[in-house]
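To start, the structure itself, in structure tokens.
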Amino acid sequence: MLVPAKGEAFDFYLYVSYLWTASNMPFEGLQMRAEGLLPWAQSIVRERVIDLAREYEPHRAHDLERALNNVLLHQRWPQDGGHLPQFGVRLRVSPEERVRERLRPYWEERIRLECDHELQKIRARQADELTRRWGVVLRDLEDDPVTAHAAALAGPQFAEIFRRYVEERRGSVPDLVRLLREAVKGHGDLALGPSEYTQAWDLALRTYERQHGLSEQVN
């Protein structure tokens, strides 16, 4: 069944399922009566749906389908019953082909964007997980006395990456180590007070030197 959409430039396709019921009537008799009453039933349905269909834009077929079924699903005709079979309906609505073609680029782009978004979220989760795991691995290796050998066993590429990582970490602390040494000696911009502060600075200095292998590198 075709009914006009809003603006009447396009139509909706209505696929109507009829459910016929009757009391004290054999199946063959009900089937024959239903076939004879079908044109009348179709006119009833069209009369009920056409005004509502005109309220919906041509690309809102799903919204119209839901609205029509909400209105018609629990109704029966003829309403007084009597000796005639009664029927109810359930409808499915589709846009016409011209509308489907116009909607296709929109849905293609939306599908592409949603897929790209999901891929980006997956990549972000994986990057975060790998970063956390490698952070633990690199910190553990950095403190290990057999670091260089362990890195080499993992493969030349990993060994090179780990070497650069350690060099960058070491390169970031010499200035701090120099500052601590000056503080311990009472030089530079830091004015120390009691001797316990000097001891605390000295402990921090030794800790940094030991962790980064700088005991002999920074003077």
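Here are the numbers for this structure:
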quantity: Farthest positive-ward along segment 1-128 dipole, Cα basis, beta-carbon charges - from Gln120, Gln79, Tyr18; calculated: Gln120
quantity: Residue list for segment 48-82, given a label point 7 angstrom along the Cα-to-Cβ vector of Tyr106 and an amide N cut-off under 19 Å; calculated: 53-67
quantity: Accessible surface, per residue, of segment 2-95 when the full set of protein chains is kept, probe 1.4 Å, Å²; calculated: 61 Å²
quantity: Net lengthening on full extension, Glu28/Glu47 (0.36 nm per residue, minus Cα-Cα); calculated: 4.0 nm
quantity: Projected-area mean, segment 2-95, by convex hull of Cα positions, square nanometres; calculated: 5.9 nm²
quantity: Normalised convex hull volume, segment 33-88, alpha-carbon set, Å³ per residue; calculated: 83 Å³
quantity: Separation in nanometres of the label points that stand 7 Å from Cα toward Cβ, at Arg76 and Glu35; calculated: 2.5 nm
quantity: Virtual spin-label span in nm between Leu113 and Arg54, 7 Å along Cα→Cβ; calculated: 3.4 nm
quantity: Amide H contacts of Glu96 (H built 1.01 Å from N, under 5 Å, at least 5 apart or other chain); calculated: Asp11, Tyr13
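The values are calculated or read from the model by the stated rules, or taken from the named source; none is laboratory data. What you see is a predicted model, and the numbers here were worked out from it, not measured in a lab. Neighbour counts are summed over all protein chains in view; Cβ atoms, including those assigned to glycine, are modelled from backbone coordinates with ideal geometry. Only protein heavy atoms, including side chains, enter the accessible area calculation; ligands, DNA and RNA are left aside. Shrake-Rupley method; radii C 1.70, N 1.55, O 1.52, S 1.80 Å.
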